[in-house]
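Asker: Take a look at this one; I'll ask things after.
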């Protein structure tokens, strides 16, 4: 301890000139440049230039007049025929151009007028003090004291305390309505419509797919059995969209020799046919840009790229997890069916998702 | 009333733009109609002479990469079983013969006469059964454009853009725009899955589905751009760039003018 102290003392004794760096302020660094020398404008020097500028300003105002008249004419001249979008476009376009000319003419004209013809002497205005004078401050204090006396704020305890209570409570309803952000969606984010034995159906027709229908190199956009039916009635259409947003699947057949499958997933594919969630694990865009030869799956939103042959591991981009795989097999008639739901939540991360 | 409207329209600054656009649409659709009819004839059975001629053309033009018997080499895939549709698509769009290796084969001027392309297709399709050229009835664009639009948005739009304007893929690859692609080539691309495009066989998208998609793509090209200049229909990137460069740039220029002293 004492050694350290000595050490410190020694350092203090050493005369060392630290470089102040950016903390150093040179007194003369930002010398007040003053007002730059006045430059006399051509419009001040020559009558000819002055007249030209005046004519230009007037011309700009006339352009404004013409624009406004054109706008009125365009409103009636370009008739809108019902929902004919072309006629609506023309009407809006020319009406807008006319109004724009009407306003720009005035604006540009006024600025041009000020810049060329109005006095251009440079003036510097000093800023006034922000602190009030002593008299003003004393007067303000006087007003506060008077208000306190007249209202009896300090004297009337009951009123004062009940007011404090009211002030403390009035923001609470604003907090209570945050309850509407809930309730928690329970396990909705963790499960999809897929279940054991659910047939894989074509999107949007909702027809089942036989394993023999899927050639090497082909891609099917798949929805679970029963989803297309939900979309047929208005009452369940919203439910259909909600379920489709989680259950959309991409079905691809590759040469089984190309697939790198871990032991746990050996029976999740069928003769090279694999099914993966179409919902990106980054922010949930549909990943469906499949390249037949590289077996890359590309998300169009942020370019996350997944290797379909390697259990859809991320090989590029911001996604942090592989796309979840849907375990599939075939039923007795040869139709592709799911073995179960996804074994992990699909789509982007959320608050209580593990890993 | 109609005369007055016509007069007004003729005088409007958009008249020249409208005239050019109309000309483009008429020549474009005329061209599409003309090219669409060609492969229909090729769809019929090929003659033995065509197969022989195709074999000779193949040996002198394609065998260096695809192998003498179209078995494929390290540089190019096997063509056994790819069918006539694949040959017609690749050669008629100028993608084949390939010019240089790269992320993706480029469209370029067609290198063969139509008769020679048909011969090549005849020989390749004689190797093994594969997708044939489409018959004319599926290319007549008499399908249901609205249904085709739905199918297109689910199966194709993620790469090719919702109105077929094309888009970027990984590593320099891209989904080409479909704005000037003939009906036959759209069909052939779906059934064969050229380069990195997946295959959309008839067991996935039925022939009716394909006709509807083709109808949608041709219909959407004739749609006027109500909102004004569409900037290539490429969406927020182009529109954002336009707003940042021209709108913000304009504001910066106006601000500079406001602050500048008059001379």
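Asker: Take the residues of region A:195-228 that are without any contact (Cβ under 8 Å) to a residue 24 or more places away in the chain and within 8 Å of another protein chain (Cβ to nearest Cβ): which is nearest to residue B:194 (Cα to Cα)?
Answerer: A:213
Asker: With respect to residue A:120, determine if the residue is touching a residue at least 40 places away in the same chain (Cβ under 8 Å) and either within 14 Å of chain B (Cβ to nearest Cβ) or more than 30 Å from residue B:255 (Cβ to Cβ) (or both).
Answerer: Numbers: touching a residue at least 40 places away in the same chain (Cβ under 8 Å): yes; either within 14 Å of chain B (Cβ to nearest Cβ) or more than 30 Å from residue B:255 (Cβ to Cβ) (or both): yes.
Here the answer is yes, as residue A:120 does meet what is asked.
Asker: Considering each of A:257, A:288 in turn, give the residue that is under 28 Å from residue B:77 (Cα atoms) and surrounded by fewer than 20 Cβ atoms within 10 Å (Cβ to Cβ).
Answerer: Only one candidate passes the filter, namely A:257.
Asker: What number of residues within region A:274-285 satisfy the criterion of being touching a helix residue (DSSP H, G or I) at 6+ places or on another chain (Cβ under 9 Å) and surrounded by fewer than 21 Cβ atoms within 10 Å (Cβ to Cβ)?
Answerer: 1
Asker: Residue A:88: surrounded by 13 or more Cβ atoms within 10 Å (Cβ to Cβ), within 41 Å of the chain's Cα centre (by Cα) and free of Cβ contacts under 8 Å to residues at least 12 places away in the same chain, yes or no?
Answerer: yes
Asker: Just the residues that are within 19 Å of residue B:94 (Cα to Cα), touching a helix residue (DSSP H, G or I) at 6+ places or on another chain (Cβ under 8 Å) and not in a helix (DSSP H, G or I), please, taken from region B:112-131.
Answerer: B:112 - this is the single residue of region B:112-131 that is within 19 Å of residue B:94 (Cα to Cα), touching a helix residue (DSSP H, G or I) at 6+ places or on another chain (Cβ under 8 Å) and not in a helix (DSSP H, G or I).
Asker: Separate question: All but one of (1) more than 24 Å from residue A:286 (Cα to Cα); (2) in contact (Cβ under 8 Å) with a residue 12 or more places away in the chain; (3) more than 19 Å from the chain's Cα centre (by Cα) hold for residue B:215; which doesn't?
Answerer: (3)
Asker: What's the number of the condition residue B:233 fails, among (1) over 28 Å from residue A:306 (Cβ atoms); (2) surrounded by 14 or more Cβ atoms within 10 Å (Cβ to Cβ)?
Answerer: (1) is the only condition that residue B:233 fails.
Asker: Give region B:78-103 a look and list any residue that's surrounded by 15 or more Cβ atoms within 10 Å (Cβ to Cβ) and in a loop (DSSP other than H, G, I, E, B), or say none.
Answerer: B:78, B:79, B:80, B:82, B:93, B:94, B:95, B:96, B:97, B:98 - these are the residues of region B:78-103 that are surrounded by 15 or more Cβ atoms within 10 Å (Cβ to Cβ) and in a loop (DSSP other than H, G, I, E, B).
Asker: I'd like to check something: does region A:166-176 contain any residue that is without any contact (Cβ under 8 Å) to a residue 12 or more places away in the chain and within 14 Å of chain B (Cβ to nearest Cβ)?
Answerer: Looking only at region A:166-176, we keep the residues that are without any contact (Cβ under 8 Å) to a residue 12 or more places away in the chain, and these are A:166-176.
Going one step further and asking which of them are within 14 Å of chain B (Cβ to nearest Cβ), we end up with none.
No.
Asker: Moving to a separate point now. Please state which of the following conditions residue B:81 fails to meet, knowing it meets all the rest: (1) in contact (Cβ under 8 Å) with a residue 60 or more places away in the chain; (2) out of contact with any strand residue (DSSP E or B) (no Cβ under 9 Å at 6 or more places or on another chain); (3) within 14 Å of chain A (Cβ to nearest Cβ).
Answerer: With respect to (1) in contact (Cβ under 8 Å) with a residue 60 or more places away in the chain; (2) out of contact with any strand residue (DSSP E or B) (no Cβ under 9 Å at 6 or more places or on another chain); (3) within 14 Å of chain A (Cβ to nearest Cβ), residue B:81 is out only on (1).
Asker: Determine whether residue A:54 is within 14 Å of chain B (Cβ to nearest Cβ), within 25 Å of residue A:107 (Cα to Cα) and surrounded by fewer than 16 Cβ atoms within 10 Å (Cβ to Cβ).
Answerer: Spelling it out, residue A:54 is indeed within 14 Å of chain B (Cβ to nearest Cβ), within 25 Å of residue A:107 (Cα to Cα) and surrounded by fewer than 16 Cβ atoms within 10 Å (Cβ to Cβ).
Asker: Any chance region A:280-302 includes a residue that's in contact with a strand residue (DSSP E or B) (Cβ under 7 Å, 6 or more places away or on another chain), within 23 Å of residue A:198 (Cβ to Cβ) and more than 14 Å from chain B (Cβ to nearest Cβ)?
Answerer: no
Asker: Would you say residue A:80 is within 11 Å of chain B (Cβ to nearest Cβ) and either under 30 Å from residue B:227 (Cβ atoms) or without any contact (Cβ under 8 Å) to a residue 60 or more places away in the chain (or both)? Spell out how you get there, then give the answer.
Answerer: Values: within 11 Å of chain B (Cβ to nearest Cβ): no; either under 30 Å from residue B:227 (Cβ atoms) or without any contact (Cβ under 8 Å) to a residue 60 or more places away in the chain (or both): yes.
No, not satisfied.
Asker: Shifting gears a bit: Among (1) touching a helix residue (DSSP H, G or I) at 6+ places or on another chain (Cβ under 7 Å); (2) at positive phi, which single condition is residue A:192 missing?
Answerer: (2)
Asker: Give, as residue ranges, the helices (runs of 4 or more DSSP H) completely inside region B:147-263 that count at least 3 residues that are closer than 30 Å to residue A:216 by Cα and either away from chain A (no Cβ under 12 Å) or at pLDDT 90 or above (or both).
Answerer: B:157-160, B:183-192, B:207-222
Asker: Still on this structure: Condition (residue is over 30 Å from residue A:35 (Cβ atoms), free of Cβ contacts under 8 Å to residues at least 12 places away in the same chain and more than 10 Å from chain B (Cβ to nearest Cβ)) applied to region A:100-111: is it met by at least one residue?
Answerer: no
Asker: Any chance you could count how many residues in region A:297-338 are out of contact with any helix residue (DSSP H, G or I) (no Cβ under 7 Å at 6 or more places or on another chain), farther than 14 Å from residue A:282 by Cβ and part of a loop (DSSP other than H, G, I, E, B)?
Answerer: Result for region A:297-338: 4.
Asker: Against the condition within 24 Å of the chain's Cα centre (by Cα) and within 23 Å of residue B:104 (Cα to Cα), how does residue A:292 come out, does it pass?
Answerer: Taking the combined requirement at face value, the residue does not satisfy it.
Asker: Looking at this structure, is residue A:29 more than 30 Å from residue A:117 (Cα to Cα) and either away from chain B (no Cβ under 12 Å) or modelled with pLDDT under 95 (or both)? Spell out how you get there, then give the answer.
Answerer: Working: more than 30 Å from residue A:117 (Cα to Cα): yes; either away from chain B (no Cβ under 12 Å) or modelled with pLDDT under 95 (or both): yes.
Taking the combined requirement at face value, the residue satisfies it.
Asker: Of the numbered conditions (1) within 14 Å of chain B (Cβ to nearest Cβ); (2) touching a residue at least 24 places away in the same chain (Cβ under 8 Å); (3) under 32 Å from the mean Cα position of the chain (by Cα), residue A:334 fails exactly one; give the number of that condition.
Answerer: (3)
Asker: Also: In region B:110-130, what residues are loosely packed, with under 15 Cβ neighbours inside 10 Å and farther than 15 Å from residue B:61 by Cβ?
Answerer: Selection gives B:128, B:129.
The values are calculated or read from the model by the stated rules, or taken from the named source; none is laboratory data. All of these numbers come straight from a predicted model, not from anything done at the bench. Quick reminder, even Gly has a Cβ in these numbers, built from the backbone with ideal geometry, and neighbours come from all protein chains shown.
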